[in-house]
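Notes for the one structure printed next.
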Amino acid sequence: MDEIEPSAAASWPRMSDADANAEARRMIDDAYRPVRQMPTHFHDETPAPLFGNAEPVHQDDRRIVPAWAAGVAVASIGIGAGVTGIGCGAWLVLKGLSSMTITGVLALCAPFIGLAVAALAIGAAVSRAKAGSSKHVYQGTVIRRTEINTHTRGTFSRTRNTFHG
């Protein structure tokens, strides 16, 4: 522990031994005092009427659940309901697909196949139209040079043909 300078200790107010004991007893009593428990039930002592409805009794609304916990609970219920809906929809779709015949599958796929064939035909036509037009026109003679290089080392020979054109 740190040492207290004598000049600083002299400036503090000093308690008598009786006051220090009383303060210590008060602090110990406060520390060990039982915590007041919140009631978890309510018993209405008013007598019920013999005929008709009873008058409403005011009950305090004391929520012990934090707001963030209530939000998480509501969000998890919503997510669970959404996932359940998606699962039911997938089950219905897969059940319907499993009961289809090959004719039904072909009838279902026919529009998509038609769109794919049309897109393929359009793409091929555009590709051929672009390939037919050239921006470069070459005029003059075309010369093709061929060099034949043969390297022989020992018993093995290697021929390399180089084309320049």
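Among the chymotrypsin sites (Phe, Trp or Tyr not before Pro) in segment 65-139, those placed in a DSSP loop whose Cβ has at most 16 other Cβ atoms within 10 Å are TYR138.
These residues, ASP17, ASP44, go from largest to smallest accessible area, 1.4 Å probe, as ASP17, ASP44.
In terms of packing, defined here as the mean over residues of other Cβ atoms within 10 angstrom, the peptides 46-53, 83-90 line up highest first as 83-90, 46-53.
Of the trypsin sites (Lys or Arg not before Pro) in segment 24-126, the ones in a loop by DSSP (not H, G, I, E or B) with at most 10 other beta carbons within 10 Å are ARG36, ARG62, ARG63.
The values are calculated or read from the model by the stated rules, or taken from the named source; none is laboratory data. Just so we're clear, the structure is a prediction, and the values are computed from it rather than from any experiment. Cβ atoms come from the backbone with ideal geometry, glycine included; neighbour counts cover every protein chain shown. Heavy atoms of the whole protein, side chains included, go into the accessibility calculation; ligands, DNA and RNA do not. Shrake-Rupley method; radii C 1.70, N 1.55, O 1.52, S 1.80 Å.
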